[in-house]
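No lab work stands behind these numbers, since they all come straight from the coordinates. Model, not experiment: these values are computed from the prediction. We place every Cβ from the backbone using ideal geometry, glycine too, and count neighbours over all the protein chains shown.
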Amino acid sequence: MKKLIVLCLAVLLVAFSPANKGYEVGDKVTDFKLKNVDGKMVSLADYKDAKGFIVIFDCNTCPVSKAYNDRIIGLNEKYASKGYPVVAINPNSPEVSAGDSFDEMVRYARKKGYEFAYLYDESQEVIRRFGPTNTPHVFVLTRSGSDVKVAYIGAIDDNTRDASAATKRYVEAAVDELIAGKPVTTTRTKAVGCGVKLKSA
Amino acid sequence: MFPGRVGLAAGILTVAALSMWRCAGTRHEPKVVGLETLQSIIASPGQEVLVINFWATWCAPCVKEMPLLEELGKNRDDVRVILVSMDLDLDPDPAKVISFAEAKHIKSRIFILDAGDPNEWINKIDSSWSGALPATLFVDGRTGRRLLIEKELHKGDLEELITRVQSDPEIVL
């Protein structure tokens, strides 16, 4: 009986343990090649002039993502020309969330007029490497030579329901500091969001 | 004689009404609470296992797993289920939560958390929680052991996780 309990608990431990903790601040990021909504494959190395990236794990279906949609477009407008373009990646598997299929991503990006890459990770390998937990979840990356490192992980700002009432704009603060050549003050934040819907391994 | 009969009838009616009320379960109106109230609830589980589910009306997997939590609360005297809504994060009006609870006849206690910037309070509830929904916190009142699970729960998961939070740490590890 005791053996059975131990076995059951071992199975549980595997079933409920987080699959991967993902990147931490300071970690070196491995480049990837993922399909964009325009059908072309995109790598970080393709952005010749970028000093870094605002990688945002985002999707079509999450109400929190929807609340941040204009703010994400705004981040790209503000920072792409300063060397920090937005690169959005959909972390949800269409097997779990039908509204997050590649075709729906294409439709969504067109409707919203995305001028940044919105990438699909069919194998979910890149997602597991980064380890986003919710949408939208931001990873600000900084590049020096061929080295790309994580500088910030977390929320866009401190007010989901009202952009104008946000008092702490975490991503803007981090990118502004990086552009100024300063260390990032707040490197990790948390926000309420929709859990990432990975396909079962 | 007559008043006695009335008294008896009234007594029977009262018992009948009370038992009907009990069968229907005690329904509470969802209540808006601050962080300190929630923290004190988590800190004083009594002898039961507290199952605190973090959800929102806009979270599809949360709504999907809710009947399992309702069932658990109904079936187990040693478990107390509390549903903590995160709706105010997106919409300042709690009306949506109140009408949801009414329409779905939710019997579990519902608290609507009003605590401002999530970055300031998520770690105070549980540092292992990313803030993703749904999330469920299990607190064993007898041992004080805690377990936070950040995923949609399916049939049987709640019972297994309760066993896990109650069990000997040596066996788990």
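Quick check for me: using +1 on Lys/Arg Cβ and -1 on Asp/Glu Cβ, what's the dipole size of region A:60-201 about its Cα centre, in debye to the nearest 20?
Roughly 220 debye for region A:60-201.
Give or take rounding to whole Å, what are the principal axis extents of the alpha carbon atoms in region B:115-164, in descending order?
33, 26, 15
What number comes out for the charge environment of A:D176, summing +1 per Lys or Arg and -1 per Asp or Glu over other residues with Cβ under 14 Å away?
On the way: positive: A:K51, A:K78, A:K82, A:K168, A:R169, A:K182; negative: A:D157, A:E172, A:E177.
Here the count lands on +3.
Under a plain spin-label model, where a point goes 7 Å from the Cα along Cα-to-Cβ, how far apart in nm are A:K40 and B:E71?
5.1
Tally Lys and Arg at +1 and Asp and Glu at -1 over the other residues with C-beta under 10 Å from the C-beta of B:D89: what net charge comes out?
Details: positive: A:R161; negative: B:D87, B:D91, B:D114, B:D117.
Summing Lys and Arg as +1 and Asp and Glu as -1 gives -3.
Placing unit charges on C-beta atoms (Lys and Arg positive, Asp and Glu negative, everything else neutral), compute the dipole magnitude of region B:27-167 about its Cα centre in debye, rounded to 20.
Values: 17 positive and 23 negative charges, 89 e Å.
Magnitude of the dipole: close to 420 debye.
As a test of understanding, state the convex hull volume per residue of the protein assembly as shown from its alpha carbons, in Å³.
Working: hull volume 64.3 nm³, N = 374.
Given the Cα convex hull of the protein assembly as shown, per-residue volume reads 172 Å³.
Separation between the A:T167 and B:E29 pseudo-spin-labels, each 7 Å from Cα along Cα→Cβ, expressed in nm?
So the two model labels end up 3.0 nm from each other.
Per the Kirkwood treatment, what hydrodynamic radius in Å, one decimal, follows for chain A from the mean inverse distance over all distinct Cα pairs? Intermediate results must be reported in sequence, preceding the final value.
Values: mean 1/r = 0.0570 Å⁻¹.
Computed over Cα pairs of chain A, the Kirkwood hydrodynamic radius comes out at 17.6 Å.
Between the alpha-carbon centers of region A:65-113 and region A:142-191, tell me the distance in whole angstrom.
18
Please identify every one of the trypsin sites (Lys or Arg not before Pro) in region B:62-139 that sits in a loop by DSSP and has no more than 13 other beta carbons within 10 Å of its own beta carbon. Could you put the intermediate results ahead of the total?
Details: sites: B:K64, B:K74, B:R76, B:R80, B:K96, B:K104, B:K107, B:R109, B:K124; in loops: B:R76, B:K104, B:K107.
Sites meeting the loop and neighbour criteria: B:K104.
With the alpha-carbon atoms as the only input, what is the per residue convex hull volume for region B:27-167 in Å³? Write down the numbers at each step before the final one.
Numbers: hull volume 14.0 nm³, N = 141.
Considering the Cα atoms of region B:27-167, their hull volume per residue is 100 Å³.
Evaluate the distance, in nm, between pseudo-label points positioned 7 Å from the Cα of A:R129 and of A:R188 along their respective Cα→Cβ axes.
So the label points at A:R129 and A:R188 sit 2.2 nm apart.
Which whole-number percent of Cα pairs in region A:110-201 have a distance greater than 23 Å?
35
Determine, for each peptide in A:144-155, A:49-60, the mean count of other beta carbons within 10 angstrom over its residues, then list the peptides with the highest first. Don't jump to the answer; show the numbers that get you there.
Details: A:144-155: 17.5, A:49-60: 22.7.
Listed from highest to lowest mean packing, they are A:49-60, A:144-155.
Sort all Cα-Cα distances of region A:153-201 into consecutive 10 angstrom bins from zero, then give the percent of pairs in each bin up to the one containing the longest distance.
24, 41, 25, 10, 1
Would you be so kind as to identify which of A:A165, B:V51, B:P118 lies farthest towards the positive end of the dipole of the protein assembly as shown, taking Lys and Arg as +1 and Asp and Glu as -1 on Cβ and the Cα centre as origin?
B:V51
Taking a temperature of 25 °C and a viscosity of 0.890 mPa s, what whole-number D in µm²/s does Stokes-Einstein yield for region A:34-136 with Rh from Kirkwood over alpha carbon pairs? Mind showing how you got there, number by number?
Working: Rh = 13.7 Å.
Rounded, D is 179 µm²/s.
Mind checking the full-extension length gain between B:A103 and B:V63? Use 0.36 nm per residue of separation minus the Cα-Cα distance, one decimal, nm.
Details: separation 40, 0.36 × 40 = 14.40 nm, distance 1.25 nm.
Here the answer is 13.2 nm.
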